[in-house]
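The values are calculated or read from the model by the stated rules, or taken from the named source; none is laboratory data. Remember, it's a predicted structure, so these values are computed and weren't measured experimentally. Here the Cβ is made from the backbone with ideal geometry for all residues, glycine too, and neighbour counts use every protein chain on show. Areas reflect the complete protein model, heavy atoms only, side chains present, ligands, DNA and RNA absent. Shrake-Rupley method; radii C 1.70, N 1.55, O 1.52, S 1.80 Å.
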Amino acid sequence: MLLLSLPFLLASCADDTKGRIVSEIKSVNKLQLSQMTISKLATIDDLRLNDAENLKQGVMALGDAMKVGNRVAAYSYDTYLTAYIDLSTLLPDDVRIDDHARTITIDLPAIQTEFSGRDLGINEVHYRVTGLRSEIDARERAEIKEKMNTALKKEVEEKPFFRDRLVSSAKAKAQTFFSSLLGGGDEGYSVIVNFKN
């Protein structure tokens, strides 16, 4: 009778351990693993006559061309891209404990990325207004900031380089994190971390 109940008792302990592991990991919800700063540089210059799109812009460009002096400024702008795992979607079947092989296998949800913020202002890299030229005003700086933000997001969407690099870094950090969390030291379990597509 004792021999029959022992495997059941061991299986029950493993199920309890697995349930605890899944519950604790799910409680984290969103695990941020890696962050990247992406910078954009843009310049403000007077509108050239051949770039004017309408009569009003043409008149302004012609007036600017006749003024004495130079007017140019360069600004940089940072936005942040974060890689994370939504652990709230982890299922009990995503964690497997093999007491005989002393391994814990965890199938993590796919790593996702998101824009996690941007600088409030823009950084002035270069500014030169000489002669009779007008100063660069707040409206122009706000316009260039929005143009940089739009261009930067478009570039990230069109070029997978940024996301691929961030996801690769996040996977390495997740491997280290879960191996440390679940491994239990020298005499603990080996942890195998997989990622769902």
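Miscellaneous remarks
- For the range 151-176, the tally of residues that are open to solvent by 90 Å² or more (accessible area, probe 1.4 Å) and either under 13 Å from the mean Cα position of the chain (by Cα) or of a type outside the set (Lys, Arg) (or both) stands at 6.
- Taken over the range 116-138, the criterion of being acidic (Asp, Glu), under 25 Å from residue 80 (Cα atoms) and either in contact with a helix residue (DSSP H, G or I) (Cβ under 6 Å, 6 or more places away or on another chain) or exposed (fewer than 13 other Cβ atoms within 10 Å of the Cβ) (or both) is satisfied by 124 alone.
- Strands (runs of 3 or more DSSP E) lying entirely in the range 38-135 (those with 2 or more residues that are under 30 Å from residue 181 (Cα atoms) and of a type outside the set (Gly, Ala, Ser)): 71-86, 95-98, 103-108, 112-118
- Scanning the range 102-115 for residues that are of a type in the set (Gly, Ala, Ser) and open to solvent by 50 Å² or more (accessible area, probe 1.4 Å) yields a total of 0.
- One residue alone among 142, 83, 110, 172 is over 30 Å from residue 17 (Cα atoms), out of contact with any Gly (no Cβ under 6 Å at 6 or more places or on another chain) and among the hydrophobic types (A, V, I, L, M, F, W, C), and that residue is 142.
- Residue among 163, 141 that alone is more than 30 Å from residue 99 (Cα to Cα), of a type in the set (D, E, K, R) and at pLDDT 90 or above: 163
- The listed residue being open to solvent by 60 Å² or more (accessible area, probe 1.4 Å) and over 22 Å from residue 166 (Cα atoms), out of 99, 64: 99
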